[in-house]
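The structure appears below as structure tokens.
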Amino acid sequence: MRKEQDIKAELSDLLKSEKPDYSAILSLSNELAQLDNEHVRFSVDAGLINRLGTELVSRQETAVSELVKNAYDADATSVSLEFVNSESIGGTLIISDDGNGMTREQLIDGFMRISSSDKIENPISPIYHRKRAGKKGIGRFAVQRLGTKLIIHTKSVESSCAYEVVINWDEYESHANLMEISHTICEVQSNFEKGTKLMIMNLRDKWSEASIRRIYRYVIEIMQPISLSLENIITTEDPGFIAKFFITENGVQVPLIDSSKDITKYAVGEFTGEINSSHFGFYRVKSERLGIDFSGQIGMDPDNINSPFPAIKNIKYKAYYFIYDTALIPKQHLNAIRKLANLSAGIRLYRNGFRVLPYGEPGDDWLSFDMSSRRRSILPTHTNLSFFGFVEITDDSGDFEETSSREGLLNNTAMIQLQNFMYRAVINSVIKIAENRNIKIVSGQKKDDKGNWEKIEIRVKNIAHTLDELDKALEEQEPSLVARRKRKEQLKKVKQELDEVAILQKVETKRLFKEQSMLRVLSSVGLTISQFVHEVKYNLDNIQDDIRFLIDKLQDQYILLKRILILDENFANFSTYTSYFYDVISLNVVKDLRPLELREVVRPFVATMNHDAAKSGIEFCKPIFNGFNLYTIPMHPSEWSSILFNLYTNSKKAIKRTNNLGKILIECGMTEKLVYLEFSDNGDGIPKENEDKIFTEFFTTTSAKSLDSVDVTNEITGTGLGLKIVKDIVSSYRGNIMVVSPKGEFATCLRIEIPKAKDNDIY
């Protein structure tokens, strides 16, 4: 390390220079600050920029949409996206808008400032008073996800010239100090009055015409197509916002044309509804073709239509209902609409005017329509392919919160109530259509004499009435052989019918009883745990306040203060641990399946369990992810929490038995058709003869002999169900779990393979 006087001398010479080298000044200042033995300072590794780009914005369409949203926030009326020679890696994407542009100060303090708070402090755009789409100040890192070099040209109305900044993202891959990397800002001539142009060069991915069209559909659907809020229609002076896409190959620019057509006239019904400002739910179903115009009410309590939805308000929806039948859709249009449905059908979600992904995407079942159809509890068609529509959320109070990845909303109370309302409102509308068309609605129904489908309970009453009448007739009529034979035949026929209904009802009752019993058990356990977690979270806040008070009062009492600081650290770890399981419990309430990127489930789990593992002398190695987009087929998020927790507890047991320092490693990757997760530990291993037994129920080597022998503080007991549960979960998704040869220093490795998500599952 250089001497302090040498650094000061060099720094003094630089400051005296007519054209100081500010990068060198920053570097020397940082070097000088490191000689300060009395103070320490935070530093930021330049690699943070790369991590923000690749981890916060993981998907291509998300990256592009973030940049389109920035144009919208800047009061642009149009934005153009030009893909130049992008068929292979290394092409260029040029994004130009006619928005407000940036002054020199805005460019420095806004775009070049990480996590700028401008959109939080100014949530409404200055000219068209748009609700800004971004809040977190990370949209600019989308360009780093897309390419290795960025050239910015921007000009505001107030500026006489445009400003240019060139950023080479490769500079941020080193371990240099972020503050020591600089970019030249200079004045340049421009051919536009105002706006911003981003030239993203050396694209990291190939962009075929098909992938650009997919992004095109994604981007044009970001903005809500129709506002259902009357107040928005009355007050807006916004001229609108359009996105134009171009493909340029060898200097020839070709516009990308939207091929979508208006197909709503072929819908059998139009469904609308709302949760009003007073939290009450309503739905309406209209069909000019069938002569239906029915309105109804939906309550939070199914038995009380007047019960409000306390966590949600100001929600409107509209959906067109399609039945793919030549009796309803002309044959010449049927295949085309079916094809369009495979690409664009579903009920999308818009929050404050902007699309929220992945809701409504092909393969996404956020309202459980596909699951309901598979169960056939309601027989009329109601898969996601049956609907073209959207939900509009006006969320001024922030009840619906985006996830950190900007892809989806948190599964909080508001989201759960929204899903509840939407499913029931749409299903009620589907049933109204089916009743009008005289379509069978539930299993066990039969047609009456008029050809209408009866309800089961009505059918049973009618049969019982018929039996009574036959008995009376037999008594009253003459006891002739012919009459008796005739009545017996009638009676036999009715009794056969009654037996059929009785069997149906018996099977259905048994099924419902089992289902209700299980739901009752699960809900009871869930409510108990939820209440426990709720109470814990409530008391955590009080405990934390007490800790802070004691810390303030015990500054001069070293020993007591030290103990309190240890308590504070333990409390923070426990709080993190509790929050993780609170999130898992919340996920259990939601029944929708979605493709899961293995990073999304592994990283939060490792972060939560790190402290618990450390207490047991176990090190969680940094997870390894081989490749990007490690998406499974649609799964339930909470199931992965169960998988990882069971694998962890088994590894913990195996390591404890060795009395050695433990290590756990999670490695993920993919093959052509599968994504995989390998869970390795350096415990005592699995005997060869037990490798086939560990996935069977009740097989365990750690069960306590009695309740009296259980010591939850020192012993890890097992039920023998953990790995069986894991296997059942994995098998239900056509996956496999197996023992494989461990790598390096590890003794055991369990490998889970799940089918890889298809493109239409993700996009």
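Only one entry of Asp370, Asp364 meets the criterion of being free of Cβ contacts under 8 Å to residues at least 24 places away in the same chain and either outside any loop (DSSP other than H, G, I, E, B) or in contact with a strand residue (DSSP E or B) (Cβ under 9 Å, 6 or more places away or on another chain) (or both), and that entry is Asp370. Within segment 305-317, not a single residue is more than 25 Å from the chain's Cα centre (by Cα), surrounded by 16 or more Cβ atoms within 10 Å (Cβ to Cβ), closer than 21 Å to Gly389 by Cα and touching a residue at least 40 places away in the same chain (Cβ under 8 Å). Just give me the residues in segment 654-677 being part of a loop (DSSP other than H, G, I, E, B) and within 19 Å of Arg751 (Cβ to Cβ), in sequence order. Hits for segment 654-677 are Thr671, Glu672, Lys673. Criterion first (surrounded by 15 or more Cβ atoms within 10 Å (Cβ to Cβ) and under 20 Å from Ile439 (Cα atoms)) does Thr326 satisfy it? Answer is no for this residue. For segment 287-338, residues that are of a type in the set (S, T, N, Q) and out of contact with any strand residue (DSSP E or B) (no Cβ under 8 Å at 6 or more places or on another chain) total 4. Among the listed residues Leu357, Leu367, Leu410, Leu385, identify the single one that is of a type in the set (A, V, I, L, M, F, W, C) and surrounded by fewer than 16 Cβ atoms within 10 Å (Cβ to Cβ). On inspection, the qualifying residue turns out to be Leu410. Within segment 93-105, the residues that satisfy the criterion of being under 21 Å from Thr77 (Cβ atoms) and either surrounded by fewer than 19 Cβ atoms within 10 Å (Cβ to Cβ) or touching a Gly at 6+ places or on another chain (Cβ under 6 Å) (or both) are Ile94, Asp97, Asp98, Gly99, Gly101, Thr103.
Kindly indicate whether any position in segment 635-653 is in contact with an Asp or Glu (Cβ under 6 Å, 6 or more places away or on another chain), at negative phi, of a type outside the set (Gly, Ala, Ser) and not in a strand (DSSP E or B). Checked segment 635-653: no residue is in contact with an Asp or Glu (Cβ under 6 Å, 6 or more places away or on another chain), at negative phi, of a type outside the set (Gly, Ala, Ser) and not in a strand (DSSP E or B). Screening Leu357 on (1) touching a residue at least 40 places away in the same chain (Cβ under 8 Å); (2) within 23 Å of Thr394 (Cα to Cα); (3) touching a strand residue (DSSP E or B) at 6+ places or on another chain (Cβ under 6 Å) shows it passes everything except condition (3). Candidates are the residues of segment 689-748 that are of a type in the set (A, V, I, L, M, F, W, C), out of contact with any Phe, Trp or Tyr (no Cβ under 6 Å at 6 or more places or on another chain) and assigned to a helix (DSSP H, G or I); the one that is modelled with the highest pLDDT is Val730.
Any idea which residue in segment 656-687 is nearest to Ser641 (Cα to Cα), counting only those that are out of contact with any helix residue (DSSP H, G or I) (no Cβ under 9 Å at 6 or more places or on another chain) and of a type in the set (Val, Ile, Thr)? The selected residue is Thr671.
Whenever a residue of segment 595-606 is farther than 13 Å from Tyr648 by Cβ, its partners that are assigned to a helix (DSSP H, G or I) and β-branched (Val, Ile, Thr), lying with C-beta atoms within less than 6 angstrom and at least six residues away or across chains, give the pairs Pro595/Ile762. The sole residue among Phe282, Phe294 that is surrounded by 15 or more Cβ atoms within 10 Å (Cβ to Cβ), farther than 25 Å from Leu593 by Cα and in contact with an Asp or Glu (Cβ under 7 Å, 6 or more places away or on another chain) is Phe282. Residues of segment 295-327 that are of a type in the set (S, T, N, Q) and not in a strand (DSSP E or B): Asn306, Ser307, Asn314, Thr326. Can you confirm whether segment 618-632 contains a residue that is within 18 Å of Asp728 (Cα to Cα) and modelled with pLDDT of 90 or more? Yes: one or more hits. Glu401 passes every criterion in (1) surrounded by 15 or more Cβ atoms within 10 Å (Cβ to Cβ); (2) modelled with pLDDT under 85; (3) closer than 27 Å to Glu597 by Cβ apart from (1).
The values are calculated or read from the model by the stated rules, or taken from the named source; none is laboratory data. Owing to the predicted nature of the structure, the values given are computational and were not obtained by experimental measurement. With ideal geometry, Cβ positions are generated from the backbone for all residues, glycine too; neighbour counts draw on all protein chains shown.
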